[in-house]
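Peer 1: Below are the structure tokens for one structure; questions will follow.
The values are calculated or read from the model by the stated rules, or taken from the named source; none is laboratory data. Keep in mind that what you see is a predicted model, and the values were worked out from it rather than measured. So basically every Cβ, Gly included, is an ideal-geometry build from the backbone, and we count neighbours across all protein chains shown. Remember, those area values only see protein heavy atoms, side chains included, never the ligands or the DNA or RNA. Shrake-Rupley method; radii C 1.70, N 1.55, O 1.52, S 1.80 Å.
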Amino acid sequence: LDRACPLINHIDSQRGCENIGAGFLFGIVTGIAGLIGVSLGSHIAKSWRQTNHRADPMVCALALIICTPLMFTAMLTSRYFRILTWILIFFHAMFLAFIWGVSVDIIIYVVPPLRRSTSQSVFILTQHLLGDAFSPLIVGAMADGYKSIIDGTTENSNQFSEFYGLQSALLISLIVFVGGIGSYLATALNVSIDKKQAAVLTKGRTQDVYDWSSGLLDKDIGYDGSQTAVESDELYETAAP
């Protein structure tokens with residue numbers, strides 16, 4: 001938005017944009033959106049979990065599906081409609097925040113208690129390593145590359161190239177979103193089985209031979225292969241957080 005301001009106002013310098021404080025406003029907008037998103041996402045996942053064992057990864061996948069067009073539209077409108085762009089950023093940040101708390105819940109109930117600290121540490125490390133640490137470097141390098149291609153092709157080339165270079169570089173985030181959607185949908189296919197595995201290990205039933213595809217213990221299956229007692233749904237309930 002700071003790069004778009006001179007293009008919106010048709011001015012030749014950043015003067016007139018400095019007092020807008022896009023960075024400060026961005027912090028306020030994303031902070032409020034994050035608080036709402038975390039609470040709302042956790043509530044929706046908890047309610048849906050009562051009827052759908054795959055609710056948590058599905059909530060995350062749907063949130064990213066909504067985030068993708070919101071961010072793309074915000075990037076397109078940032079040069080022309082500043083207020084609309086802020087609205088889109090707010091809802092994008094809100095839906096993106098859906099996955100924060102829910103992802104932590106998934107890790108907690110698919111990992112046995114003695115390994116949860118390690119899994120949480122690996123999750124946080126990976127999240128910040130691929131996000132906060134390297135993403136600014138990658139986006140900045142891509143923006144500089146695009147800027148060198150665009151620079152000098154139009155009047156006010158410096159402002160034009162800085163804006164469109166950064167805009168083009170940020171498109172990589174859409175690819176990351178698509179990858180995240182696929183990952184959460186894949187998680188939805190296996191989360192019930194993983195939850196049962198954690199439940200069996202937590203209850204100290206590792207001596208039993210567990211048929212993960214059917215959700216039955218060997219002692220619950222008759223010699224003729226018939227199911228005699230514990231169904232997968234009953235084991236699932238033992239894993240409920």
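Peer 1: Output the residues belonging to segment 120-132 that are exposed (fewer than 11 other Cβ atoms within 10 Å of the Cβ) and among the small types (Gly, Ala, Ser). It would help to see each step written out before you state the result.
Peer 2: Taking segment 120-132 and keeping what is exposed (fewer than 11 other Cβ atoms within 10 Å of the Cβ), we get 121, 126, 132.
Of everything in segment 120-132, just one residue is exposed (fewer than 11 other Cβ atoms within 10 Å of the Cβ) and among the small types (Gly, Ala, Ser), namely Ser121.
Peer 1: Taking only segment 45-54 into account, find how many residues are open to solvent by less than 60 Å² (accessible area, probe 1.4 Å), at pLDDT below 90 and not charged (D, E, K, R). Before you say what the answer is, go through the steps one by one.
Peer 2: Going through segment 45-54, the residues open to solvent by less than 60 Å² (accessible area, probe 1.4 Å) turn out to be 45, 49, 52-53.
Narrowing the set further to residues that are at pLDDT below 90 leaves 49, 52-53.
Filter once more, keeping what is not charged (D, E, K, R): 52-53.
Of the residues in that region, 2 qualify.
Peer 1: Follow-up. Can you tell me which residue is modelled with the highest pLDDT among those in segment 133-150 that are in contact with a helix residue (DSSP H, G or I) (Cβ under 9 Å, 6 or more places away or on another chain) and open to solvent by 70 Å² or more (accessible area, probe 1.4 Å)? It would help to see each step written out before you state the result.
Peer 2: Step one: list which residues in segment 133-150 are in contact with a helix residue (DSSP H, G or I) (Cβ under 9 Å, 6 or more places away or on another chain), which gives 135, 138-150.
The next check asks that each one be open to solvent by 70 Å² or more (accessible area, probe 1.4 Å); those that pass are 138, 144, 146, 148-149.
Numbers: Ile138: 84, Asp144: 79, Tyr146: 77, Ser148: 74, Ile149: 73.
Among those that are in contact with a helix residue (DSSP H, G or I) (Cβ under 9 Å, 6 or more places away or on another chain) and open to solvent by 70 Å² or more (accessible area, probe 1.4 Å), it is Ile138.
Peer 1: Going by the structure shown, is Leu114 more than 22 Å from Ile172 (Cβ to Cβ) and either out of contact with any helix residue (DSSP H, G or I) (no Cβ under 6 Å at 6 or more places or on another chain) or charged (D, E, K, R) (or both)? Spell out how you get there, then give the answer.
Peer 2: Details: more than 22 Å from Ile172 (Cβ to Cβ): yes; either out of contact with any helix residue (DSSP H, G or I) (no Cβ under 6 Å at 6 or more places or on another chain) or charged (D, E, K, R) (or both): yes.
It is true that Leu114 is more than 22 Å from Ile172 (Cβ to Cβ) and either out of contact with any helix residue (DSSP H, G or I) (no Cβ under 6 Å at 6 or more places or on another chain) or charged (D, E, K, R) (or both).
Peer 1: Kindly check whether there is at least one residue in segment 158-173 that is at pLDDT below 85, open to solvent by 30 Å² or more (accessible area, probe 1.4 Å) and more than 32 Å from the chain's Cα centre (by Cα).
Peer 2: Yes; the residues of segment 158-173 include at least one that is at pLDDT below 85, open to solvent by 30 Å² or more (accessible area, probe 1.4 Å) and more than 32 Å from the chain's Cα centre (by Cα).
Peer 1: Taking segment 159-174, which residues are of a type outside the set (Gly, Ala, Ser) and either within 9 Å of Lys147 (Cβ to Cβ) or part of a helix (DSSP H, G or I) (or both)? Give the derivation first.
Peer 2: First pass over segment 159-174, keeping only residues of a type outside the set (Gly, Ala, Ser): 159-160, 162-164, 166-167, 170-172, 174.
Those that are of a type outside the set (Gly, Ala, Ser) and either within 9 Å of Lys147 (Cβ to Cβ) or part of a helix (DSSP H, G or I) (or both): Gln159, Phe160, Glu162, Phe163, Tyr164, Leu166, Gln167, Ile172, Leu174.
Peer 1: Right, another one. Of (1) over 30 Å from Ser103 (Cβ atoms); (2) modelled with pLDDT under 50; (3) surrounded by 12 or more Cβ atoms within 10 Å (Cβ to Cβ), Trp212 satisfies all except one. Which?
Peer 2: For Trp212, the failing item is (1).
Peer 1: Also, I was wondering about something else. Which condition from (1) modelled with pLDDT of 85 or more; (2) more than 18 Å from the chain's Cα centre (by Cα); (3) of a type in the set (A, V, I, L, M, F, W, C) is the one that Ala93 breaks?
Peer 2: Here Ala93 clears every test but (2).
Peer 1: So, one more: Could you list, in sequence order, all residues of segment 4-37 that are modelled with pLDDT of 65 or more, assigned to a helix (DSSP H, G or I) and open to solvent by less than 50 Å² (accessible area, probe 1.4 Å)? Talk me through it step by step, then tell me what you get.
Peer 2: Taking segment 4-37 first, the residues modelled with pLDDT of 65 or more are 21-37.
If we keep only those that are assigned to a helix (DSSP H, G or I) as well, we get 22-37.
Scanning segment 4-37 gives Ala22, Gly27, Val29, Thr30, Gly31, Ala33, Gly34, Gly37.
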